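Engineer: I am attaching a structure below and will ask some questions about it afterwards.
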Amino acid sequence: MRTTLILFISLLLVGCSQSSIAHSPAETPALKVSLNSDTTKLTINNTASLTASVTYGAEKIDDAYVQFEIIENGASLGMVSPNVLEEGKYVLDTKFLEPGEKQVIVHVDYKEQHEMKGIFLSVTNGEEGEES
């Protein structure tokens, strides 16, 4: 009787350990972000459209927490929330009031993952290269 009980417990433990192997969680998809500007020639007081595209694995994500950070002369001017479009697109329309080099970083949080992408923009006063 005792041998039967030990054999039964051993088989039960082996069955449980194989069951946990068969039900191991799938690999977590990667959060991917791209950031683009609608123009490469920015001038002061003209609107620039910045678009972040967000995917989680192959799925386009419309409900991520997205913030654009604008950096000027090495100092952050703060975080701005974009407009959410369909198919994983987040758009920020902004104007720059002073010429110079700018950096825009998009911060994306989704399902305990954080991803950042940045671009550098050159803003001119619009007079460069024009004849008087």
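The values are calculated or read from the model by the stated rules, or taken from the named source; none is laboratory data. Note that this is a predicted model, so its numbers are computed, not measured. With ideal geometry, Cβ positions are generated from the backbone for all residues, glycine too; neighbour counts draw on all protein chains shown.
Engineer: Within the range 56-73, which residues are over 19 Å from residue 91 (Cβ atoms) and acidic (Asp, Glu)?
Structural biologist: Listed by number, the residues that qualify are 59, 72.
Engineer: I would also like to ask the following. Hey, can you tell me all the residues within the range 101-132 that are assigned to a loop (DSSP other than H, G, I, E, B) and exposed (fewer than 13 other Cβ atoms within 10 Å of the Cβ)? Steps first, please.
Structural biologist: The first filter runs over the range 101-132 and keeps only residues assigned to a loop (DSSP other than H, G, I, E, B), leaving 111-112, 125-132.
If the condition is that a residue be assigned to a loop (DSSP other than H, G, I, E, B) and exposed (fewer than 13 other Cβ atoms within 10 Å of the Cβ), then 111, 112, 125, 127, 128, 129, 130, 131, 132 are the ones that fit.
Engineer: Against the definition (at positive phi and surrounded by fewer than 12 Cβ atoms within 10 Å (Cβ to Cβ)), how does residue 98 come out, yes or no? Quick ask: steps written out before the conclusion?
Structural biologist: Values: at positive phi: no; surrounded by fewer than 12 Cβ atoms within 10 Å (Cβ to Cβ): yes.
No: the conditions fail for residue 98.
Engineer: Does any residue of the range 48-67 turn out to be surrounded by 14 or more Cβ atoms within 10 Å (Cβ to Cβ), at pLDDT below 95 and part of a strand (DSSP E or B)?
Structural biologist: yes
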